[in-house]
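First up is the structure itself, then whatever we jot down about it.
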Amino acid sequence: MRYVILDFKEEILRKLKDYLDVPEQLIELESPPKERGEFALPCYSFAKELKNDPNEIAKKLEENLEVENGTVERAGPYLNFKIDRSYLFEETIKNCLMTEESFGRLPSKSKKILVEHTSANPNGPLHVGRARNPVIGDTLARIYEKIGYQIEKQYYVNDIGRQMAVLVWGLINLEEDDLAKVERKKKDHQLVRYYQRVNELLEEDESLEEEIQEIIQSMEMGDKETLEHFKENAEDVMEGIIESLERLNIHLDSFKNESSLIIDGSVEKLIEDLSSLENVGEEDGALYYEKEGNKTFIARENLTSLYPARDLAYHVWKAEKADELVNILGEDHKLHGEFVKEALKDLGIETIPEIIFHSFVTFEGKEMSTRKGTYVTLDDFMDTAQKKAKLEIEKRKNVEPEDMNAIAEKIGVGAVRYDIIKVQPQKPIDFKWEEALDFEGDSAPFIQYSYTRANSILEKWTGKSLDIGNLELTDSQEGEIKLIRKIAEFPRILIESGENNSPHLLAKYAHELAAEFNRFYRDYPVLHSEEKKELRIAIVKSFKFAMASVMDTLGLEKPKRM
RNA sequence: GGGCGUGUGGCCUAGUCUGGAUAUGGCGACAGCCUCCUAAGCUGUAGAACGGGGGUUCGAAUCCCCCUACGCCCGCCA
């Protein structure tokens, strides 16, 4: 697994560090404008250090540096490093044809990362806002995996707590007639109606709150029947949530129930451990953890646990399960995240989670709320996208009728994932049907379409297998090189998006790669060219493998036609 | 009141961490491209001095300070 672009960068850095007598961190490579090469070194940063004019330094470097299979060229105070085009072209094609759909994968590491994502309360179906978390988590996990880490994807099931007590009360006391009608049979859609109705009733009748509290109490005191109620309902809703996630191509490796931490005594033990800390105080019998003026209550006056304590117990447990922890959380958990990190440190635990926060998703400018029922469910979003995709497919007549539904599903679901992942996590998203269902431009169908075009050429190609050794790879043209160069960038993008927890960069790359292929497709006939047919088949194949790898990493399905 | 985040052409968005060479791409608009491998495509035109102000610097969308708009948080809820 050698990638020319990574090797090239390594070589440049090594030689620069060797040659320049300046602190290493001053040597930063950046990306120059497209045609100048792969890497650039602005010579300003260390000009002071060397007491010399950046232009002069660049001049000297240009004269004295040589790189294998590439050139060093000065442009004012910049030094541009360009890989020899034919070398880049040849090596990348060979690499793609050899590694096939695992192109871009880096050597596997022994380090294990546990990614916690979704962890939505099991009181109703996921809505579009809640879907942001799993899409970010799953995509990041796929990126880490491709970079070589061992991955476990975990869902923390908040199967106890007030929100579940509300649902439990509803199931005990309400009849089907009390509820709004819902067509979908999935249990998450069915059960959420109880949750929503009870919340309505709570606004009218305050005495209800007492009954809810009673349920919470008996649950926390470990009442078997109540706990059983909680467990059953949580499981039913989870069944629906998991089904939706699976449809989105998101598969969890493990689930951890919040209740298990109470049942096995680890919450109780944790509260004991915390009590001995200096920054844990007491107020009317209730316990709180205090840091920088922020009080976080961890136990009630009756010493039953609160969510922060339970989540902390979960992290203590998790710390043993992996080398690194990554959590995906909504921005409303920022303060809570700080609490978890600080408290873990105080407890002497070294595996502190890295937390990726994402902003909320609004729907046409309005808040989405499970409680109020003001949302677009993920299931509806996927259904609508699938239907729209089907209409588009029908227009084009490229697909056999019996494959129609399956392909529409791949396109619809891909569109949903891509629509969510293409925006950087910390930015708010306002969900609009029209934009989400736009299958042109910066969208998953655009990417999938480029893939089917490549696939279609390869299907029609009647030649035998390519003989890589005998391929004439020297006489390449500009657009061909551009495409291959874009392909070669993949490992670099993969590392960048993984290191910075920026899955949106990979989405952007996928779009650029597809666009580059579409230009190649327009400019260079493959099957209709005589002398260059084999070479172009090799290019198309390379693209197909690279794009397959990119799409897998984004969790997008790969339709053969559309 | 305090904390965190966000503000880039009419709309959406990349770049901000790690300051640097003409600010990325999409939607929409306008003008074009299917006797040729799927036009969910491609080309061109118009459109942004990067929320406002100050500062640091040879150089600021990027760093610092102030202000402003919006979101989130500051519960013996989760």
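Find the relative contact order for region A:4-83 and round it to a whole percent, using C-alpha pairs within less than 8 Å whose residues are 6+ positions apart.
28
Expressed as a whole number of Å, what is the distance separating the alpha-carbon centroids of region A:18-42 and region A:411-451?
34
Taking the Cβ-Cβ separation of residue A:432 and residue A:499 as r and a Förster radius of 22 Å, what is the calculated FRET efficiency to the nearest 0.05?
That gives a FRET efficiency of 0.10.
Under 17 Å from the Cα of residue A:34, which aspartates and glutamates turn up, not counting those fewer than eight places away in the same chain?
The reachable aspartates and glutamates, counting only those whose Cα sits under 17 Å from residue A:34, are A:73, A:84, A:478, A:480, A:489, A:512, A:516.
What translational diffusion coefficient, to the nearest whole µm²/s, does region A:378-554 have by Stokes-Einstein, given a Kirkwood radius computed over alpha-carbon pairs, a temperature of 10 °C and 1.306 mPa s viscosity?
For these conditions, the coefficient is 91 µm²/s.
Can you tell me the orientation of helix A:444-460 relative to chain A, as the angle in degrees between its alpha-carbon axis and the longest Cα principal axis, to the nearest 10?
Compared with the principal axis, the helix lies near 50 degrees.
What ranking do A:229-235, A:369-375, A:106-112 get when scored by the average of other Cβ atoms within 10 Å per residue, highest first?
Packing proxy ranking, top to bottom: A:229-235, A:369-375, A:106-112.
Tell me the relative contact order for region A:156-258 as a rounded percent, counting alpha carbon contacts under 8 Å between residues six or more apart.
Normalised by residue count, the contact order of region A:156-258 is 47 percent.
Per residue of chain A, what 222 nm ellipticity follows from adding -39500 (n - 2.57) for every DSSP H run with n ≥ 4, rounded to the nearest 500?
Counting only the DSSP helices, I get -17000 deg cm²/dmol.
Starting at 0 and stepping by 20 Å, how many percent of the alpha carbon pairs of chain A end up in each bin?
18, 44, 29, 9, 0
Working from Cα positions, state the angle (0 to 90°, nearest 10) between the long axis of helix A:503-523 and the longest principal axis of chain A.
Around 40 degrees separate the two axes.
With labels modelled as points extended 7 Å from the Cα through the Cβ direction, what inter-label distance (nm, one decimal) is found for residue A:290 paired with residue A:71?
6.8
For an R0 of 60 angstrom, estimate the FRET efficiency from the Cβ-Cβ distance between residue A:24 and residue A:331 and round to the nearest 0.05.
0.95
Restricting attention to region A:48-100, which trypsin sites (Lys or Arg not before Pro) occupy a DSSP loop and are surrounded by at most 10 other Cβ atoms within 10 Å?
Passing sites in region A:48-100 are A:51.
Rounded to the nearest 10 degrees, what's the angle between the helix A:533-554 long axis and the longest principal axis of chain A, both from Cα atoms, 0 to 90?
20
Of A:112/A:318; A:486/A:541; A:146/A:533; A:153/A:366; A:390/A:544, which pairs sit farther than 22 Å apart, going by alpha carbon to alpha carbon?
A:146/A:533; A:153/A:366; A:390/A:544
In whole Hz and in residue order, list the ³J(HN,Hα) couplings for region A:57-68 that follow from phi through the Karplus curve 6.51 cos²θ - 1.76 cosθ + 1.60, θ = phi - 60°; x for Gly and Pro.
4, 4, 4, 4, 4, 4, 6, 9, 9, 9, 10, 6
Ratio to report: Rg/Rh of region A:30-131, with Cα atoms as the point set and Rh obtained by the Kirkwood method; give two decimals.
Taking Rh as the inverse mean 1/r over Cα pairs, Rg/Rh reads 1.25.
Indicate, rounded to the nearest 5 percent, the antiparallel portion of the DSSP beta bridges found entirely in chain A.
Counting DSSP beta bridges with both partners in chain A, the antiparallel share is about 55 percent.
Given 4 °C and 1.567 mPa s, compute D for region A:293-378 with the Stokes-Einstein relation, Rh being the Kirkwood radius over Cα pairs; round to the nearest whole µm²/s.
86
Coordinate-derived values only; no laboratory data. None of the values given here were measured: they were computed from a predicted structure. All Cβ positions, even for glycine, are placed from backbone atoms using ideal geometry, and neighbour counts span all protein chains on display.
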